[in-house]
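Written below as structure tokens is the structure these notes are about.
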Amino acid sequence: MPRKRKLLAQLSALHNSTSFPQTDAVEQLNTTPGADASPKSSKYFVIEKKNSPQLQEDFFNQPCVSLAKSFLGQILVRKLPDGRELWGRIVETEAYLGGEDEASHSRGGKQTQRNAAMFMKPGTLYVYQIYGIYFCMNVSSQGEGAAVLLRSLEPLQGLDAMRELRRASRKAPSRLLKDWQLCNGPSKLCQAFGIDKAFDQRDLTQDDAIWMVPGQDPPGEQDVVTTTRIGIGNTGEWAHKPLRFYLRGNRFVSVVDKKMEREMAARGHSPGS
């Protein structure tokens with residue numbers, strides 16, 4: 001089965017397992033002529049907002065580098081205010097290790113109002129603004145001030161809505177974005193998923209508007225490229241640390257390290273083997 005069809009089939013299976021409960025019976029109980037129209041307080045009349053196999057706290061509660069790798073292949077879900085759901089497979093991450101990491105916002109162990117989420121429990125979102133207009137999204141991990149940056153997603157569902165959100169976030173009109181251009185960068189994925197500063201300090205295990213579900217085809221070690229992070233050139237030795245991870249051969253990755261991929265191929269590490 002071609003890879004795209006396989007992903008769509010997996011997405012369909014996941015979506016079926018996260019469908020909303022049927023509400024007809026409850027609505028009929030509340031609208032039956034002569035029935036008590038007062039609000040129901042019994043737990044049996046409470047409708048769950050979602051029923052998904054979402055990733056829980058034990059998943060996020062792992063060391064930063066381990067979490068950054070574990071994110072690859074997992075699925076980020078964003079529920080918009082109008083009820084539409086956006087699904088994207090995580091294909092690229094970066095680890096920021098906290099106090100000793102000169103490229104981290106929490107370097108030196110300094111906690112501020114801006115980076116407070118990095119010191120909160122694993123699975124907490126840290127959303128910050130760059131250049132005064134763009135946003136980047138991180139997820140806290142084990143370790144004081146440690147967090148993982150989500151760099152790129154492979155769009156799976158809600159692509160039209162993603163295009164609408166990307167278009168609305170850009171001031172000048174431009175050509176229609178291709179699928180691979182929607183989420184291939186940390187700010188782009190925030191635009192496409194409608195994520196801004198209001199999401200800072202939210203808990204991925206508790207929030208009704210954003211969460212993660214497990215991917216159906218976890219990558220093997222040979223499928224993951226480990227290389228240097230992007231845009232941190234003034235951080236000395238930390239600019240050369242191998243703390244960026246991405247799915248090899250995935251066209252939705254923001255920046256490909258061809259040299260590292262050639263070295264992997266020379267060592268006999270072929271994707272999917």
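Rule-based calculations on the coordinates, nothing more; no lab input. Since the model is a prediction, treat every value here as computed from it, not as a measurement. Don't worry about glycine lacking a Cβ; one is built from the backbone with ideal geometry, like all the others, and counts go over all protein chains shown.
Tabulated data for the structure shown
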| quantity | calculated |
| --- | --- |
| Backbone HN-Hα couplings from phi across the range 147-157 [Karplus 6.51/-1.76/1.60, Hz, Gly and Pro as x] | 7, 10, 7, 8, 9, 8, 10, 9, x, 10, 8 |
| Spin-label model distance (nm) - Glu85 vs Gln142, 7 Å beyond Cα toward Cβ | 3.0 |
| Thr235-Ala209 pseudo-label distance in nm [points 7 Å out on the Cα-to-Cβ vector] | 2.8 |
| Restricting the range 57-99 to trypsin sites (Lys or Arg not before Pro) in coil, as DSSP defines it, with at most 15 other Cβ within 10 Å | Arg84 |
| Segments 186-195, 154-163 sorted - mean Cβ within 10 Å per residue, highest first | 186-195, 154-163 |
| Quotient of C-alpha Rg and 2.2 N^0.38 Å, computed over the range 119-273 | 1.12 |
